[in-house]
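See below for the structure under consideration.
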């Protein structure tokens, strides 16, 4: 099974306006809602790809209930929490999109412990666990480490896409694969150089580091027990314009699927599926809503993404 | 009693940010909530002035429940509706404030009829009914007219602060006093000239028109059965900088209190309390949150607002 964990999900609210006047009063034309949070987006992409996926994390209040209703087709096993699930507000006008992400509420230790128990219950050898998105305020390195440890302890491969010090905590806990974007990698390691930053996460303990770099594509760096690090670069053959939110989640979905389908070594799988991840990312950019992919574009382009060894 | 009716209340959500990047992703630092909607603001100001006030209108969902919890000290008699109460989102950063007002949901005819029944139950001769703010989508002229008619039919004086065609419907239904701002007056009448616009609303049937004009103060125009219209102008002696949202609601609160305290003819009351309305408006501008007034500033300035006959 593939289990996606979204510790800090969100009800994504979109305000559609014909015109925005900053510093003034604006009447919103229409309001739309989607189930959000990076792990939820990963699950939605996997569902569109026909994969069976289970969603968990923490959910509370009416916004949480609304998220649950909106997330159709995906098996859901949320851990209830007292605080209402946060919202994100996207202001969409012809002039552009501005996102406001609420921080969310902290999660009681008891709920984290229930989440670990659920992972123990659901996950087995050969399964893939994805931990994606921001963490609730107050989440410690130890909490992230315990979650990653619980999943790897069950024999699962664990993919982590988060940011800041908690990304490094996940690497130190032995995450199979971590996927920061280049901004997150710089923030987590303090290094401008992508390869140097990725090597820090490998030294921390991650099995493989995939760095998404927007239109430039992706870089994968893997530890090699027999020698120096191995590296691959995939770059899209053309630039897709659209909504970049959710592109990284599509890449995580592609990599999680690859890890789930085969027990071959992780570096090998990542090398053979990096083009797939880049193509699915581009297919997410082509759709206006995060968590959706343009399957037609994906099928047309996935064999056309060049991958080369080394950093380019 | 003073009864304020807020047909389209809102949970006012404020996003506090250190810095806003338009067209980008922003992390909100803190989120705060207040009970909102213009009639709710009027009630909160009256409560701060020590007046007894009852709040009604339509309320639904978890946002509605939250609004009810936040509105402390005010008697509440909301009519429940199926749809969740809307939100407004204010993005507040050192560079300025941008407001996004959700439109809200339409209200079933049955709920309007329950609201009229409540007005009939609560209101008696000498009472004041305030109808304030935007109307739910789909509200017709006839619905507004029936609400105003129900209140005047009970012998109440009715103050209406809304915009567009529904403001004119309220005037035609014989509202005692209507209070548009100069932008709303122009939109409702198509006339740039404030006095000419106010005369349209008097011809429609309003007893008195008070136009708030921001820093310029207020203009009141009243019908005089014995001759031409009578007019008064009040202008603050100094400009208060701050948050203009809620200034008009404070003016409505001052006028509603004046109408409630005395049965003297409306034009006379408005003439003697226009300075009070201007001072309370300025006291609202001095506070960062709509629905609050700086009572100290109000007491210091209310005798220092010059009022003159005629339009200036």
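Read the figures in this text as sums done on the coordinates, not as results from a lab. This one's a predicted model, so the numbers in the text were calculated from it and none came from an experiment. Ideal geometry is used to build each Cβ from the backbone, glycine not excepted, and the neighbour counts take in all protein chains shown.
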### Query
Given a Förster radius of 30 Å and the C-beta distance between residue A:83 and residue A:27 as r, what FRET efficiency does 1/(1 + (r/R0)^6) yield to the nearest 0.05?
0.50
### Task
Find the centroid of the Cα atoms in segment A:69-121 and in segment B:42-115, then give the distance between the two in whole Å.
26 Å
### Task
Could you rank the peptides B:3-12, B:16-25, B:290-299, A:30-39 by their average count of other C-beta atoms within 10 Å per residue, with the highest value first?
B:3-12, A:30-39, B:290-299, B:16-25
### Query
Where in segment B:227-248 does the label zone of residue B:195 land, with the point 7 angstrom along Cα→C-beta and an amide N cut-off under 14 Å?
B:228-234
### Task
Count, for each residue of A:74-87, the Cβ atoms from other chains sitting within 10 Å of its Cβ, then give me the mean as a whole number.
1
### Query
Copy-to-copy spacing for residue B:224, label 7 Å out on the Cα-to-C-beta vector, in nm, shortest first?
9.7
### Task
Send over the Kirkwood Rh of segment A:122-263, from the inverse of the averaged 1/r over different Cα pairs, rounded to one decimal Å.
15.3 Å
### Query
Whole-Å semi-axes of segment A:147-227's equivalent ellipsoid, largest first, each the root of 5 times a Cα gyration tensor eigenvalue?
20, 13, 11
### Message
What does the structure give for A:91-101 when I average, per residue, the other chain Cβ atoms found within 10 Å of the residue Cβ?
### Response
4
### Task
Determine how many Å³ per residue the convex hull of the Cα atoms of segment A:221-281 encloses.
82 Å³
### Message
Once R0 is set to 56 Å, what does the formula 1/(1 + (r/R0)^6) return for the Cβ-Cβ distance between residue B:120 and residue A:124, expressed as a FRET efficiency to the nearest 0.05?
### Response
0.25
### Query
Rounded to whole Å and sorted largest first, what semi-axes of the equivalent ellipsoid does the C-alpha gyration tensor of segment B:62-207 yield via the square root of 5 times each eigenvalue?
25, 23, 14
#### Entry: Euclidean distance between Cα centres, segment B:158-214 to segment A:274-312, Å
57 Å
### Query
How many nm separate the modelled label positions at residue A:18 and residue B:213, each set 7 Å beyond the Cα in the direction of the Cβ?
2.9 nm
### Message
Could you sort the peptides A:263-274, A:121-132 by per-residue average Cβ neighbour count (10 Å cutoff), highest mean leading?
### Response
A:121-132, A:263-274
### Summary
Once the mean of 1/r over all distinct C-alpha pairs in segment A:1-152 is inverted, the Kirkwood radius in Å reads 16.3 Å
### Task
For segment A:5-51, list log₁₀ I(q)/I(0) at each q in 0.20 Å⁻¹, using the Debye formula over Cα point scatterers of equal strength and ignoring solvent, two decimals each.
-0.74
### Query
How large is Rg over Rh for the protein assembly as shown, taking Rg from the Cα atoms and Rh as the Kirkwood inverse mean of 1/r across Cα pairs?
1.10
## Note on the structure
So the FRET efficiency between residue A:300 and residue A:51, C-beta based with R0 = 22 Å and rounded to 0.05, is 0.65
### Task
Quick one: with label points 7 Å out along Cα→Cβ, list the inter-copy distances for residue A:149 in nm, shortest first?
7.4
### Query
Nearest beta-carbon of A to the rotation axis carrying it onto B: which residue, how many whole Å?
A:62, 2
### Task
Treat each spin label as a single point 7 Å out from the Cα along the C-beta direction, and report the residue B:95 to residue B:70 distance in nm.
2.5 nm
### Task
Put a label point 7 Å from Cα along the Cβ direction on residue A:16, then list its distances to the equivalent points in the other copies in nm, shortest first.
3.4
### Message
If I take every Cα pair under 8 Å that is 6 or more residues apart in segment B:2-309, average their sequence separation and divide by the length, what percent do I get for the relative contact order?
### Response
15 percent
### Task
Considering only DSSP beta bridges where both residues belong to the protein assembly as shown, give the percentage that are antiparallel (nearest 5).
45 percent
#### Entry: Hydrodynamic radius of chain B per Kirkwood, over alpha carbon pairs, in Å
19.5 Å
